[in-house]
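Since the structure comes first, as structure tokens, the remarks are kept for the end.
Throughout, read-outs are computed from the coordinates displayed, never taken from laboratory work. Keep in mind that what you see is a predicted model, and the values were worked out from it rather than measured. Note that each Cβ is placed from the backbone with ideal geometry, even for glycine, and that neighbours are counted across all protein chains shown.
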Amino acid sequence: MPRSRTPLSPERIVVAAVEVADRSGLAAVSMRNVGKALGVEAMSLYHHVRDKEALLDALVEWVFGGIDLPEPDEPWRPAMYRRAASARDRLAAHPWAIGLIESRSAPGPALLRHHDAVLGSLRRGGFSVADAAHAFSVIDAYVFGFVLTEVNLPFDSPAEVEEIAEGMMATMPEGDYPHLVELITSHALRPGYDHRAEFGFGLDLILDGLARLVEA
């Protein structure tokens, strides 16, 4: 095993753990595998990270540390859009993150700062405490759900969409599913269609509803 020449640090260990998770999935994140990625023995990591549980908590912090936060003087709607889009990008780039976030019970400073900034933006925008909680919940439910769909889609390009759609239609008895066929032929197969572009449309619908809520 080649030895690492750069001194170990908690930050280097977390970055290596991210690389292991991106390459092989969250189940592969162990002190041994992260040490191997760094070119050191696993025992060396314990001088900087207490144990695997602490490492997993640090991964959650790393995820939230890369999400754009609302600015104190930013109107709530563009702040929520920008934050949601940033969260979607971060989570889609690291598909293991959603399951990890939902499984942890020891929030760190980055997560707490993120949640406080989102709630603060909504409260400054006129939301009551209860409505701010509702808004935060529905936006993140949409973001998380969209990412889970996005990362599990069986296609990555318009050509693959066309191949899958045509295969689906070939199995449908003629006339049995007219609305589904209409959707595929006039929407999913149109030039330039990209399912990922649906994210902004859905997010705007949610923000429109929240705007009506706070205005009322």
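Could you pull the Cα extents of segment 6-79 along its three principal axes, largest to smallest, in whole Å?
That works out to 49, 24, 22 Å along the principal axes.
Considering the dipole of segment 1-75 built from charges on the beta carbon (Lys and Arg +1, Asp and Glu -1) around the Cα centre, which of Pro10, Met43, Ser24 is farthest to its positive end?
Met43
Build a GNM of the chain with springs between Cα atoms under 10 Å: which of Ala17, Ala87, Ala130 gets the top mean-square fluctuation?
With Cα springs under 10 Å in the chain, the top fluctuation among Ala17, Ala87, Ala130 is at Ala130.
Just to confirm a number: summing +1 for Lys and Arg and -1 for Asp and Glu over residues other than Ala211 whose beta-carbon lies under 12 angstrom from that of Ala211, what do you get?
Working: positive: Arg77, Arg212; negative: Asp131, Asp204, Asp208, Glu215.
Once all neighbours under 12 Å are counted, the net charge is -2.
Give me the dipole magnitude in Debye, nearest 20, for segment 10-49 about the Cα centre, with unit charges on the beta carbon: positive for Lys and Arg, negative for Asp and Glu.
100 debye
What ranking do Thr171, Thr149 get, fewest neighbouring Cβ atoms within 10 angstrom at the top?
Thr171, Thr149
Can you give the charge dipole size of the chain about its Cα centre, rounded to the nearest 20 debye, using +1 on the beta carbon of Lys and Arg and -1 on the beta carbon of Asp and Glu?
Computed about the Cα centre, the dipole is about 1220 debye.
Under 10 Å, Cα contacts only: if you run a Gaussian network model on the chain, which one of Val20, Val181, Val143 comes out with the highest mean-square fluctuation?
In the Gaussian network model the winner is Val181.
Any chance you could list P(r) for segment 10-49, counting all Cα-Cα pairs in 10 angstrom bins from zero, rounded to whole %?
In order of increasing distance, the bins hold 36, 59, 6 percent.
Can you sort Phe64, Phe136 so the residue with the fewest Cβ neighbours within 10 Å comes first?
The order, fewest Cβ neighbours first, is Phe136, Phe64.
So what's the gap between the Cα centers of segment 58-89 and segment 130-185, to the nearest angstrom?
About 25 Å separates the Cα centre of segment 58-89 from the one of segment 130-185.
In what order do Phe155, Phe201 fall by count of nearby beta-carbon atoms within 10 Å, going from fewest to most?
Neighbour counts put them in this order, fewest first: Phe201, Phe155.
Which whole DSSP H helices in the chain pass both tests: a Cα extent of 15 Å or more along the axis and a mean Kyte-Doolittle value no lower than -0.5?
Numbers: long enough: 10-24 (21 Å, 0.32); 52-65 (19 Å, 0.75); 76-93 (25 Å, -0.78); 109-124 (22 Å, -0.20); 129-152 (35 Å, 1.10); 158-170 (18 Å, 0.15); 198-215 (26 Å, 0.86).
Span-like helices here: 10-24, 52-65, 109-124, 129-152, 158-170, 198-215.
Could you list, bin by bin from short to long, the percent of Cα-Cα pairs of segment 89-212 in 10 Å steps?
For segment 89-212, the binned pair fractions read 10, 30, 29, 18, 11, 1 percent.
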